[in-house]
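Below you'll find the structure, written out as structure tokens, and then a few comments.
Every number in this text was worked out from the coordinates using simple rules, so none of it is lab data. Predicted, not measured: the structure shown is a model, and the values here were computed from it. Here the Cβ positions follow ideal geometry from the backbone for every residue, glycine too, while neighbour counts run over all protein chains shown.
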Amino acid sequence: MSGALASEPLRQFLQAARSAGIRVSAAEGIDAARAVQVVGYGDRMVLKDALSLVLAKTPEEKDLFDEAFDLYFRRDDLARNDERDIDPEARITQSGFGGEGLGGGGGRSLAQMLLDDDRAALASTMEAAARDSGIQNIRFFTQRNLYTRRILDRMGLRQAERDMDALRKDGDQTTAKHLENRIEALRDQARDLVERNLLLFARGETEKFREELLRSARLTNLERRDLERMRVLVRAMAKRLAARYAKTRRRRLRGHLDVRRTLRKNMGWGGIPFVTVWKQKRIEKPRVMVLCDVSGSVAAMAQFLLMFLYALNEALKDIRSFAFAGSLIEVSDILESEPIEVAIAKIMQSIGFGSSNYGNSLADFEDGWERYVTSKTTIIILGDARGNRTDPRTDIMQRMSQRAKRIIWLNPEFRAAWGTGDSDMFRYAPYCNVVTVCNTLRHLERVVTDLLKDAA
Amino acid sequence: MPDAGVAPAGTAARKFGSIEGVEHSLASVGYIPSRQIATAVYLAQHLEKPILVEGPAGVGKTELAKSVATCLELPLIRMQCYEGLDEAKALYEWKYGKQLLYTQILKDKIGDVLGGEETLPSALNKLHQFGDIFFSQQFLEPRPLLRALQQPGGSVLLIDEIDKSDQEFEAFLLEILSDYQVTIPEIGSIHAIRTPVVLLTSNSTRDLGDALKRRCLHLHIGFPDAKLEGRIIQARVPGIETDLRRELVAFVQQLRSLDLKKVPSVSETIDWARVLVLLHAASLDAELVQDTLNVLLKFEADIEVANKQIATLTQKAKQEAGLPI
């Protein structure tokens, strides 16, 4: 592959595509370059189809791609008004870079171009100036004015303004006024260009920043508009974890011949061992029972924990989930049959938002489901352990901890608040294997990772 | 096109020489492609890359592969994926029976062969001088993937419903998709004689791995618009009246906008068109639609939803068909 392959417009478009959230690997970049070589820049629709085939690999990415493509290639449609047949590559080399850009459009001054209303020349000069000022490095919207200023400077705005003053002095008021209007229009165009570029190149950056923020934001403080984004994040996290731990599930132990099964397998040809069978170590998927407090403040947290666990379905063997406030019910069926958003609303309706009674709920659990707890079960309890001064029934906790493999307690409150007021956290703590603060997505990920790791 | 890989020779170059060429050739065998599909086939031909086709069931994913094969006059080798598919069924297997026979023969002949050797080391030495044919091409039973590589004139390889296979199997496909070769541990790597045209289809029941996607052109086929669907019906059901065709396409397009469990796909539209032709229908009316709706909709609940609106939908379809499509 020669250097000519990665032509400038394509290279920049790839950058724009990446910032729009499409994952473009280096190999796909090369494919894109080869595809462009095959189809050329001539037909926009064909180019779009071809690049879409090579770069966007999911329906979501296809949408993002369409958006980015239109945004990116719209800007040189501006300049193409008059030079439709010249491809962008040629045009860019024509208008040149750096110093030449100042006097682009055939060496005329900016004022001259403005007065002539030579749009093609203006657009290409502006494009060159933009490139020259490093517009693709724009990241934040606060930089808009800076870049607009830079572009206009490079286009020779100061000289044009001096020209305007000169015209005024010479008494040619109408031309001066004319030029002033044109300069104003040019400013608008430059601002427009910068904003388009901001959209193109900076979106990924802001998106990343926002996601980073969300990962460590307290889940109880989330705003409604962030929920959708959070769901995407949770799913992505869960998928990553599931993929990582699905691999370790069945580990081959080459070196230990399973004599019995080898003989059995080769019975067909008189016991001559053509096919060897090796001993395999199967790794148990963790069985999980989740008890979620859905009263008031803890509810938001519960929503994400459940979402997380259900997204992990592949890596976990069976999950049974229970919701409690004043009393406890099993909610596994609802969660399995309905999409998570609907399910959670349903659960909240049937039991949520009451005041919690931990003792009562634990008793319900013991009566109904204790017998399903085996030595392989991990019990996760999510709650603030605030039972409104009711009997905490630690005796049930003790029995549960004897039966189960382990009990993990996730508390959305900070450690300092444990044991204050009606919190029974320290009463329950002795019977739990792990008690930890858990109120951000990052905490959740850590807990679930540990859960999977211990099983492996 | 320099550098765009080996130029596809013969039929392929003649028929798939341009995007329009692809469109025409596919149309000539009864497959009306959208522009995206034609571009994908054209690019795949020139970049020598597999195409991963995704989309809802019944939009013609498998049909595309069949049509490409007919078009290029190449054998179509189809591999249906399912859970538990492994390399013994997909790539190759040893002919155990024959290997067994071979060892029997060897046992009988071994005395003659080793004949005069007196000591064990010298006998072993002699044994080593024979070619080791126990694991060789002769005892190899080629399965679809290997067969596709071994076709002397090239082939069209269709890996159908890749999303049904296990994740491990996907990884195993990577070698064949990027280098058009497979590795058999006992023999070594086997290269394709002629690079096959590879199409993979998926109904997206699970997300495919990035590694697989990276190696393929990704084509998403959705439901066609009315114009394209009309052309498809025309090509597939030639006996149909123009008016009826417009009406039924307009009807199906509307049906797709309803909230259904499974919206009718192109294959169902074709089936319906055939049924209507068989019934000698000249135009749609509510009663006819009601009687034949089960061809289009496959769930009881869906039929119920649609039944309520048949009159309005038929009316609208007639109106729309009145306009030039």
Folded to 0 to 90 degrees: helix B:242-256 orientation relative to chain B principal axis, Cα: 80
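Rounded to the nearest 500, what is chain B's calculated 222 nm mean residue ellipticity when only DSSP H runs of at least 4 contribute -39500 (n - 2.57) each, over all residues?
Calculated mean residue ellipticity at 222 nm is -16000 deg cm²/dmol.
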Relative counts (whole %) of C-alpha pair distances in chain B, using bins that are 20 Å wide: 27, 42, 22, 7, 2
Segment B:76-90 - phi-based ³J(HN,Hα) in whole Hz, Karplus 6.51/-1.76/1.60, Gly and Pro as x: 9, 10, 10, 10, 8, 8, 8, 5, x, 5, 10, 5, 5, 9, 9
Partner chain coverage, peptide A:49-61 - average Cβ within 10 angstrom: 6
Chain B - percent relative contact order, Cα under 8 Å, separation 6 or more: 21
Positive-pole candidate from B:191, B:218, B:21, dipole of chain B, charges at beta carbon: B:21
Nearest-20 debye value, chain B charge dipole, Cβ charges on Lys, Arg, Asp, Glu: 720
Net charge dipole size for segment B:226-319 [Lys, Arg +1 and Asp, Glu -1 on Cβ; Debye, nearest 20]: 400
Segment B:1-146 - percent relative contact order, Cα under 8 Å, separation 6 or more: 23
Length-normalised contact order for segment A:287-455 - Cα pairs under 8 Å, 6+ apart - percent: 22
Rounded to whole Å, sorted largest first: equivalent-ellipsoid semi-axes of segment B:226-319, Cα gyration tensor: 19, 14, 12
Cα centroid of segment A:16-64 to Cα centroid of segment B:73-145, whole Å: 46
Simple spin-label estimate for residue A:434 and residue B:110 in nanometres, 7 Å along Cα-Cβ: 5.8
Rounded FRET efficiency, nearest 0.05, which uses the C-beta distance separating residue A:346 from residue B:205 and R0 of 30 Å: 0.70
Sequence ranges A:128-134, B:280-286, A:443-449, ranked by mean other-Cβ count within 10 angstrom, highest first: A:128-134, A:443-449, B:280-286
Ratio of the Cα radius of gyration of the protein assembly as shown to 2.2 N^0.38 Å, where N counts its residues: 1.24
Virtual spin-label span in nm between residue A:257 and residue B:98, 7 Å along Cα→Cβ: 2.7
FRET efficiency, 1/(1 + (r/R0)^6) with R0 41 Å, evaluated for residue A:212 and residue A:192 via beta carbons: 0.85
Neighbourhood net charge (12 Å Cβ-Cβ; Lys/Arg +1, Asp/Glu -1) for residue A:364: -3
Alpha carbon centroid spacing (whole Å) that separates segment A:180-198 from segment B:280-325: 54
